[in-house]
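Worksheet: the structure to be examined is printed underneath.
The values are calculated or read from the model by the stated rules, or taken from the named source; none is laboratory data. Note that the structure is a prediction, hence the values are computed from the model and not measured. Cβ placement follows ideal geometry from the backbone for every residue including glycine, while neighbour counts extend to all protein chains displayed.
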Amino acid sequence: MTLQQLEYVVALDNYRHFVTAAEKCFVTQPTITIQVKKLEEEIGFSIFDKSKSPFKPTSLGVMFVEKAKVILSEVGELKSMVNKEIGSLEGKFKIGVIPTISPYLIPLISGGFSKKHKNTILEIEEMQTKNIITALQKGEIDIGILVTPLDEPFIKEIKLYNEPFVFYGQKSKCLESKERISSKEIQNMTNVWLLESGHCFRNQVLNLCENTNNNNIQFQSGSIEALKKMVDSYGGFTLVPEMAINEYDKGCNIHFTEPKPIREVSIVFHHSFAKEALIDALRLEILDKIPNEFVKNKRFIKIKWR
């Protein structure tokens with residue numbers, strides 16, 4: 001028994017004519033005849049008495065038709081509710097953002113998003129990638145913004161942009177005169193400052209740099225800004241995402257030669273999350289605020305974070 005068959009039965013009851021009912025259902029007359037016959041064989045009785053003209057429902061057919069109308073009405077209401085839910089932006093939503101993205105992206109989009117969607121409340125929390133994945137699985141948050149791919153079977157990913165890495169070193173005549181640096185040049189450099197364990201950006205830097213011997217100062221931090229200050233004070237270098245560059249930096253920011261090493265940033269959510277309008281609104285706001293070259297740049301090397 002299918003909803004389509006129920007629609008054919010209701011149409012036949014309304015019009016009491018196979019050709020007319022078929023036209024109203026946008027199918028051929030043989031189609032509606034065959035499908036109703038299959039339905040009658042399945043339920044074990046005739047819905048319509050065709051010995052009379054015009055035909056009419058049998059006694060059991062009358063009850064069947066009335067129940068079919070109720071079912072189709074409820075299905076229509078359910079579809080309407082789902083469509084409204086999917087298209088609605090109203091409500092409170094929890095978003096997890098990794099710490100190497102949050103301080104640079106969230107301030108850019110918060111003001112514009114709030115003005116456009118006044119009935120939407122976003123509760124945003126900085127979380128490491130593994131915690132975002134766990135929270136999505138448990139239903140503790142609705143959306144994550146982080147580095148992908150995750151390759152998790154229960155998570156959907158919508159790519160936002162490719163963000164280039166930038167070399168950050170202590171100012172010197174050598175570095176100040178250098179306009180570009182290649183990935184190969186940094187592979188054997190020593191004294192690289194790293195984020196603490198658990199940050200995917202740390203893993204990406206380790207995948208780029210073969211020799212990460214540090215000096216005798218052991219420093220653990222979850223902040224890229226703190227790493228830049230350590231470079232300013234003690235030398236060495238670190239790698240930062242391009243959005244972390246600002247006019248107040250004391251060190252040297254040097255861009256990479258092409259193909260540039262990048263990280264892929266995406267919106268992620270559980271397969272069961274149905275608020276497509278919210279996801280689309282966030283995506284559009286983010287794409288409107290980030291540098292155009294993050295989206296358009298086609299020559300890059302995606303650095304794995306696992």
Report summary line: Of the residues in the range 107-130, those that are charged (D, E, K, R) and in contact with a Gly (Cβ under 6 Å, 6 or more places away or on another chain) number 1
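One line per residue, one yes/no per condition, for (1) under 12 Å from the mean Cα position of the chain (by Cα); (2) among the charged types (D, E, K, R); (3) assigned by TED's automatic domain parsing to the domain that holds F201; (4) closer than 27 Å to N207 by Cα:
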site: N253; (1), (2), (3), (4): no, no, yes, yes
site: A277; (1), (2), (3), (4): yes, no, no, no
site: R283; (1), (2), (3), (4): yes, yes, no, no
site: D288; (1), (2), (3), (4): no, yes, no, no
site: W305; (1), (2), (3), (4): no, no, no, yes
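I'm trying to understand the selection: among the residues of the range 133-150, which are of a type outside the set (S, T, N, Q) and either in contact with a Cys (Cβ under 6 Å, 6 or more places away or on another chain) or more than 14 Å from V265 (Cα to Cα) (or both)?
I133, A135, L136, K138, G139, E140, I141, D142, V147, listed by residue number.
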Query raised in the report: Looking at G44, G61, G76, which one is over 30 Å from A135 (Cβ atoms) and either in the same structural domain as E123 (by TED's automatic domain parsing) or surrounded by 14 or more Cβ atoms within 10 Å (Cβ to Cβ) (or both)?
Result: G61
Query raised in the report: How many residues does the range 291-300 contain that are at pLDDT 80 or above and under 19 Å from C200 (Cβ atoms)?
Result: 1
Requested in this report: For residues that are among the acidic types (D, E) and either surrounded by fewer than 16 Cβ atoms within 10 Å (Cβ to Cβ) or free of Cβ contacts under 8 Å to residues at least 60 places away in the same chain (or both), scanning just the range 277-292, find the one that is nearest to I143 (Cα to Cα).
Outcome: D280
**Report entry** Residues of the range 17-33 satisfying the condition of being surrounded by 13 or more Cβ atoms within 10 Å (Cβ to Cβ) and either outside any loop (DSSP other than H, G, I, E, B) or touching a Lys or Arg at 6+ places or on another chain (Cβ under 7 Å) (or both)
**Finding:** F18, T20, A21, A22, E23, K24, Q29, T31, I32, T33
Query raised in the report: Pick from the range 226-266 the residues that are farther than 16 Å from S102 by Cβ and acidic (D, E): which of them is surrounded by the fewest Cβ atoms within 10 Å (Cβ to Cβ)?
Result: E247
Query raised in the report: When you go through V205, V147, V166 one by one, which is the residue that is within 18 Å of M243 (Cβ to Cβ) and not assigned by TED's automatic domain parsing to the domain that holds D249?
Result: V147
Query raised in the report: Which residues, counting only those in the range 52-72, are at pLDDT 85 or above and either among the small types (G, A, S) or part of a strand (DSSP E or B) (or both)?
Result: K56, P57, S59, G61, A68
Query - Pairs with Cβ under 6 Å, 6+ apart, first in the range 194-214 and surrounded by 19 or more Cβ atoms within 10 Å (Cβ to Cβ), second at pLDDT 80 or above and hydroxyl-bearing (S, T, Y) - result: C200/T129; F201/T100
